[in-house]
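Here the structure is laid out as structure tokens; the discussion comes afterwards.
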Amino acid sequence: MKKHGYGIGSMWYGIGSTAATNPSGAFVDFLDDGTAIVLSGCAEIGQGSTTVLAQIAAETLGVDLEDVAVITADTGVTPDAGPSSASRQTYISGNAVRLAAEKAREQVVAKAAELLDLDPVDIRLRHGQVWYEAEPTGRTIKDIIAQCRGEGILTLGHGSFNPVTTNLDPATGQGTPYATYAFATQIAEVDVDTETGIVEVKKIVAAHDVGTAVNPQNVEGQIEGGCSMGIGYALLEEVAVKDGKIQNPGLSSYLIPTALDMPEIFPVIVEATEPSGPYGAKGVGEPALVPTAAAIANAVADALGIRLYDLPLTPERVVAEIKALDSLKPE
Amino acid sequence: MSETSIVGKTVLRVDGPAKVRGESRYGADIDIPGALFLKVLRSEVPHGLVKRIDAAEALKIPGVVRVFTHADVPGENSYGIIVKDQPALTDKVRFRGDALALVAAETDVAAKRALEVIKVEIEELPPLYDVWAAMDEKAPEIHAKGNILTVSRVKKGDVDAALETAAVVVSRRYTTQRVEHCYIETEAGVAYMDDDTLVIKAGTQNPHYDRRDVSRVLGLPINRVRIVQSATGGGFGGKLDISVQCFLGLAALKLGRPVRIVYDRRESIIATGKRHPFFVEYTSAATKEGKLLAVKAKIVGDTGAYASYGPATLNRAAVHATGPYEVLNVDIKALCVYTNNPFSGAMRGFGTPQMAFVAESQMDLLAQALQLSPLEIRRRNVLRPGSLTATGQRLDKSVGIGATLEAAWEKACQVMPGLGGEAR
């Protein structure tokens, strides 16, 4: 018999390393053809950080995305951006790039204000053009940078950012471990086959507060990937170790979810903007996975009326729990 | 905030086209003509002292250039992001997978054959596979400072008094399993000397950390080590540790020739960090209105043979143990414990997926006891602007947990017709 259930999993996640300094630095070189190079130590690991940094730089410099080249993760060239971990790169390296880009932009704005005889606060840089409030001035960023170069001014910027945290008291853990937190709630719908013990995840709704979503499709991608990893964690994956030896060191015996295991996922982006984040952004990398197993476990408990306290919820464990309960029932 | 034109818009990923065309070059794709192949001999023994390594037979195999052991490490033979407790090549074995010797050969086949004939004499020590046994005062020490690596505490209010006055108290034990990251490609890379600078190109999540520990292990100034990240197909925390970097650096530096290494999937699974298995005793208490009064938890994490990111994982688990809820009385203790199991380190979430499973199960148990819906008990407890966290941090801005709860519920009511609305 198939039983049907729903479960909620909520989570919070501190952005950045816990109660530790974890700075990031960046350089921006605004070039004389109006393009820019961003140098950041931030390792792109498939999560989309290079694109996010390019967007933040382009937004800040007032140029198009295609006019920004980002060079990453080469210690001979790029400043330290810390690890691509703790869901920290959008918030921390994003801020470093924003600050570096602002420094480079300030020089262009100052020169434009001088040439146009305007107040710098009224100058905007957008799509490669110099604007006076809401009107284009007819001058291009390229012209202004060429002017700067002609006068021996390099339009360079350096930025670094370290989130505001404190140490935690060793006895009580009291303090400020993170500058900001991401939040999420996921709701899972499952079918549980009471004879085979197989849990099938039918749907997952995943609502994530990421601050400003710098690249919304990328946020959705992270959420969907996180859910797939969470399904593996909840139902399938376990490195079996006997006497210290891994029994399943291969993908034939260590099972991870495939496309066939993926339910329909409904990502919902919630944007509680973070004032200290770059354009209000926080992060999503780990939060995408964090509540998934919790939601699935609660859905299984809802379906069966039996709660399992050990992950993963394998068919063997599910069947054993059903049998244990049945054996207690009077004939 | 002023209108943005690029931030907040879905744009094509800048790394996307090269990846979908198969043009990105991952660690194993970088081919340097004449590069030597590296292979690592790993321990089959879980715990012991290395007495002798005899590579004479291996060196007779045509194509084998050199066999390195711990005696060849020129700098400090220990690395680790938090605790420098892991040797590049070890003279004390702490898990089945510890690196004993590194072979450099002209061909992959010669390097593999060499592994089969290196003789290693190990004086075995009693192994510890269980965190409880490892915490026993009389247990043999896996590392010099004992087997309990760190103890994290989060305490506020008066939990015992709160448990006395609570309408409902729920106590349960939970366990979670060891998990592999399963990134797309295994650890791989190349290294060569560029004048007097050692260049290492490999998959990584933290090139600047790699540089620091490679320079330490090889005894080079930091500015003579250059780490260039090769395209990396996922890390999930598993590529935050040193894996191939010190092997590549040692061989390239000592031999003055380019070298390459690629872990197969088996070696990748055996030799690198895992998600920590957790053992959790958790008590939560609430008023009859469903307001959380207290959370008390003891969390033990099996960090295996080496610290890796273990202390950070258990510390983050302690800090996040309450879930995203306001709780006035909190008493959390999280222990990071060495065993002779494969080592555990960073994995997506650093202990919080484990604790979410526990804390969210507890919320549903409380709801059940109080005849509230899972939605309602969360609504009554979520952090709000002005809330204090378990560590006493006041949250003022960007506190979106309540908004995610409502948004998820609203969407679920649309797409999950069987959910049955709020009355559920």
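No value in this document is a laboratory result; all are computed from the given coordinates. Here the structure is a predicted model, which is why all the values come from computation and not from measurement. Reconstructed Cβ throughout: ideal geometry from the backbone, glycine too, with neighbour counts over all protein chains shown.
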TODO: Take the eigenvalues of the Cα gyration tensor for the range A:24-161, scale each by 5, and report the square roots as semi-axes in whole Å, largest first.
DONE: 28, 14, 12
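Taking neighbour counts of Cβ atoms within 10 Å as a proxy for exposure, in what order, fewest first, do B:Val11, A:Val205, B:Val217 appear? Intermediate values should be presented prior to the final figure.
Details: B:Val11 20, A:Val205 29, B:Val217 26.
So the residues, fewest neighbours to most, are B:Val11, B:Val217, A:Val205.
Which of A:Lys2/A:Lys203; B:Lys92/B:Lys155; A:Lys282/B:Lys411; B:Lys156/B:Lys274; A:Lys282/B:Lys288; A:Lys3/A:Lys329 have a Cα-Cα distance over 27 Å? Kindly include the intermediate steps, with their values, before the conclusion.
Values: A:Lys2/A:Lys203 16 Å; B:Lys92/B:Lys155 38 Å; A:Lys282/B:Lys411 23 Å; B:Lys156/B:Lys274 32 Å; A:Lys282/B:Lys288 36 Å; A:Lys3/A:Lys329 19 Å.
In this structure, B:Lys92/B:Lys155; B:Lys156/B:Lys274; A:Lys282/B:Lys288 exceed 27 Å between Cα atoms.
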Task: Highest to lowest packing among B:304-314, B:184-194, scored as the average C-beta count within 10 Å - done: B:304-314, B:184-194
TODO: Return the average number of partner chain Cβ atoms within 10 angstrom of each residue Cβ along peptide A:219-225.
DONE: 1
TODO: Could you please rank B:Cys413, B:Cys246, placing first whichever residue has the fewest other Cβ atoms within 10 Å of its Cβ?
DONE: B:Cys413, B:Cys246
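With charges only on Cβ, +1 for K and R and -1 for D and E, what is the dipole size of the range A:24-161 about its Cα centre, in debye, rounded to 20? Numbers along the way, then the final one.
Numbers: 10 positive and 20 negative charges, 69 e Å.
Using only the charged Cβ atoms, the result is roughly 340 debye.
With a cut-off of at most 11 other beta carbons within 10 Å, and DSSP calling the residue loop, which GluC sites (Glu not before Pro) in the range A:125-232 qualify? Please list them. Intermediate values should be presented prior to the final figure.
On the way: sites: A:Glu133, A:Glu151, A:Glu189, A:Glu195, A:Glu200, A:Glu220, A:Glu224; in loops: A:Glu133, A:Glu151, A:Glu195.
Passing both the DSSP loop test and the Cβ count: A:Glu133, A:Glu151, A:Glu195.
Exposure proxy check: A:Met229, A:Met1, B:Met355, A:Met262 ranked by fewest other beta carbons within 10 Å? Display every interim value, and only then the final one.
Numbers: A:Met229 26, A:Met1 6, B:Met355 31, A:Met262 14.
Ranked by crowding around the Cβ, least crowded first: A:Met1, A:Met262, A:Met229, B:Met355.
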Task: Given charges at Cβ of Lys, Arg, Asp, Glu: the range A:24-161 dipole, positive-most of A:Gly34, A:Gly159, A:Thr90 - done: A:Thr90
Task: chain A - percent relative contact order, Cα under 8 Å, separation 6 or more - done: 25 percent
- [ ] Report, in cubic angstrom per residue, the convex hull volume of the C-alpha atoms of chain A.
- [x] 188 Å³
Task: Packing-based ranking, highest mean first, of A:119-131, A:170-182 given that Cβ atoms within 10 Å are counted - done: A:170-182, A:119-131
Task: Partner chain coverage, peptide B:41-48 - average Cβ within 10 angstrom - done: 1
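Defining a contact as two alpha carbons under 8 Å apart and six or more residues distant in sequence, what relative contact order in percent does the range B:7-143 show?
Numbers: 210 pairs, mean separation 46.0, N = 137.
Contact order relative to length: 34 percent.
Would you mind estimating how fast the protein assembly as shown diffuses translationally, via Stokes-Einstein at 25 °C and 0.890 mPa s with the Kirkwood radius over Cα pairs, in µm²/s? Don't skip to the answer; put the middle values down first.
Working: Rh = 27.1 Å.
Reported coefficient: 91 µm²/s.
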Task: Estimated FRET transfer efficiency when R0 is 30 angstrom, pair B:Glu281-A:Leu251 (beta carbons, to 0.05) - done: 0.30
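Place a +1 charge on the Cβ of each Lys and Arg in the range B:196-274 and a -1 charge on the Cβ of each Asp and Glu, then give the dipole magnitude about the Cα centre in debye, rounded to the nearest 20.
Working: 13 positive and 6 negative charges, 19 e Å.
Around 100 debye, computed over the range B:196-274.
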- [ ] Go ahead and set up a Gaussian network model of chain B, Cα springs under 10 Å, then flag whichever of B:Arg379, B:Arg42, B:Arg21 fluctuates most.
- [x] B:Arg21
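Residue separation times 0.36 nm, minus the C-alpha to C-alpha distance between B:Arg265 and B:Ile184: what's the value?
Details: separation 81, 0.36 × 81 = 29.16 nm, distance 1.01 nm.
Gain in length upon complete extension: 28.2 nm.
Taking the Cα centre of the range B:344-386 as origin, work out the dipole magnitude from +1 charges on Lys and Arg Cβ and -1 charges on Asp and Glu Cβ, in debye rounded to 20. Working shown, then result.
Numbers: 5 positive and 3 negative charges, 38 e Å.
Dipole size: approximately 180 debye.
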Open item on the list: Under a crude label model (7 Å from the Cα following the beta-carbon direction), how far is A:Met262 from B:Thr107 in nanometres?
Closed with: 4.2 nm
Task: lysines with Cα under 24 Å of B:Lys60, excluding same-chain neighbours fewer than 8 positions away - done: B:Lys39, B:Lys51, B:Lys112, B:Lys119, B:Lys254
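Ignore the peptide's own chain and count Cβ atoms of other chains within 10 Å of each Cβ in A:46-52; give me the average, rounded. Walk me through the intermediate numbers first.
Numbers: counts 11, 5, 4, 1, 3, 6, 4.
Partner Cβ neighbours, averaged per residue: 5.
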- [ ] Any chance you could get the radius of gyration and Dmax over the Cα atoms of the range B:204-295, in Å?
- [x] 21.1, 72
- [ ] Please figure out what share of the DSSP beta bridges in chain B is antiparallel and state it in percent, rounded to the nearest 5.
- [x] 75 percent
Task: Loop sites in the range B:336-424: GluC sites (Glu not before Pro), DSSP, at most 10 other Cβ within 10 Å - done: B:Glu422
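How high is the relative contact order of the range A:24-161? Use alpha-carbon pairs under 8 Å, at least six apart in sequence, and give a whole percent.
Working: 296 pairs, mean separation 46.9, N = 138.
Answer for the range A:24-161 is 34 percent.
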- [ ] Measure nothing fancy, just the Cα-based angle from helix A:216-231's long axis to the longest principal axis of chain A, in degrees from 0 to 90, nearest 10.
- [x] 20 degrees
- [ ] Evaluate the distance, in nm, between pseudo-label points positioned 7 Å from the Cα of B:Asp158 and of A:Thr194 along their respective Cα→Cβ axes.
- [x] 4.8 nm
Open item on the list: Based on C-alpha coordinates, I'd like the Rg and Dmax of chain B, in Å.
Closed with: 25.4, 78
Task: Estimated FRET transfer efficiency when R0 is 35 angstrom, pair A:Ala171-B:Ala167 (beta carbons, to 0.05) - done: 0.70
